[in-house]
Amino acid sequence: MNRKDFIKNITLVTGSVLFENGRTFAERVPKYPLYKPEVNNWEDSELNVAWIGHSTVLINLFGTIILTDPVLFERVGVEFMGLTYGPIRYTYPALDKDEMPRPDIILISHAHMDHMDYRTIKFLTSKFKNQISCITAANTKDVIDDLKWKNLEELDWNQNLDLCETRFTGIEVKHNGWRYPFEIDRPEYPEGRSFNGYIVEKNGVKIFFAGDTAFTQKFKSLRKEKIDMAIFPIGGYVPKKQYHCNPEEALIMADKFIEAKYFIPVHCKTFDTDDELEKPLIWMNEIKDNYKIKVVINDIGQTFKY
Ligand SMILES: [Zn+2]
């Protein structure tokens, strides 16, 4: 989201009760996903990756439970007097907040409202007090450091951290980091808010979670890592192309640059500010056969078992 869009979204939501982005009240009731992860059947010996919605992915990496960018309430945005002002969901999360198993680690790519959702993170750390670790980008932990963490770590680009028998590496992506329009961010200011992708590795399996990114040649340097699975955003490119990639660009980066084996799409079909809504998944499915990489998830709620 750029600064102008941030202000536009807040104004849109606060200024319209019955009509939002041109949709009537009845039309903006979120849809339920068609699929639901069967987390109770997951074994510690397995690798399961389930798309919960937007960039929220629940990963069982051989017994280590990782939850990326958790966003589980009906809106994301600024909280004021007990209400959240910001985009409303188009699709409910595939697991309700009360059904979410305790993550060992919450992995946060950056401090944008739709990735670092204070309300969801507060809910999880209150329910599982002092039991969850968190890894987030450089200069972002101040947003959530009042919550009841087991530990809260910042990881910068090219840094490693070993946690729960799992290795995490911070990767520079092409995005921006400010949470509020008045904040500074990278790359102009080294002390500004940062934005990460992550390589997550356990038992010789490597997952790349790209967070939020535009198209970038930078990922060619990840080819040597021999990534098994790439989780990429495919929405948000209208009109924010300088910060988000489209499905074709995501597939090019995951397949041709990184040479990963499996592709998992995220960051679409979840909030009604995503102007594309259903389009990115349709586009992805139309072109996926042009690539060697295997698309293993097609919709919110689906699980890939490795
Ligand atoms: Zn973002």
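The values are calculated or read from the model by the stated rules, or taken from the named source; none is laboratory data. Just so you know, these numbers come straight off a predicted model, no measurement behind them. No Cβ is skipped: glycine too gets one built from the backbone with ideal geometry, and neighbour counts run over all protein chains shown.
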Taking into account only those residues within region 171-203 that are away from the ligand (no atom under 16 Å from the Cβ) and under 23 Å from residue 64 (Cα atoms), which is surrounded by the most Cβ atoms within 10 Å (Cβ to Cβ)?
200
Condition check for residue 215: away from the ligand (no atom under 16 Å from the Cβ) and at pLDDT 95 or above
no
Which residues, taken from region 255-301, are buried (at least 20 other Cβ atoms within 10 Å of the Cβ), at positive phi and either of a type in the set (Lys, Arg) or more than 16 Å from the chain's Cα centre (by Cα) (or both)?
269
How many residues are surrounded by 17 or more Cβ atoms within 10 Å (Cβ to Cβ), within 18 Å of the chain's Cα centre (by Cα) and not in a strand (DSSP E or B) if we restrict to region 56-87?
8
Taking the residues in region 100-142 that are assigned to a loop (DSSP other than H, G, I, E, B), β-branched (Val, Ile, Thr) and closer than 12 Å to residue 196 by Cβ as candidates, determine which candidate is nearest to the chain's Cα centre (by Cα).
108
Please determine whether any residue of region 233-247 is modelled with pLDDT of 95 or more, touching a His at 6+ places or on another chain (Cβ under 7 Å) and within 16 Å of the ligand (Cβ to nearest atom).
yes
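One line per residue, one yes/no per condition, for (1) among the acidic types (Asp, Glu); (2) within 16 Å of the ligand (Cβ to nearest atom); (3) buried (at least 18 other Cβ atoms within 10 Å of the Cβ); (4) more than 14 Å from residue 108 (Cα to Cα):
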residue	(1), (2), (3), (4)
141	no, no, yes, no
150	no, no, no, yes
159	no, no, no, yes
166	no, no, yes, yes
Residue 90 vs. criteria more than 13 Å from the ligand (Cβ to nearest atom) and surrounded by 21 or more Cβ atoms within 10 Å (Cβ to Cβ):
yes
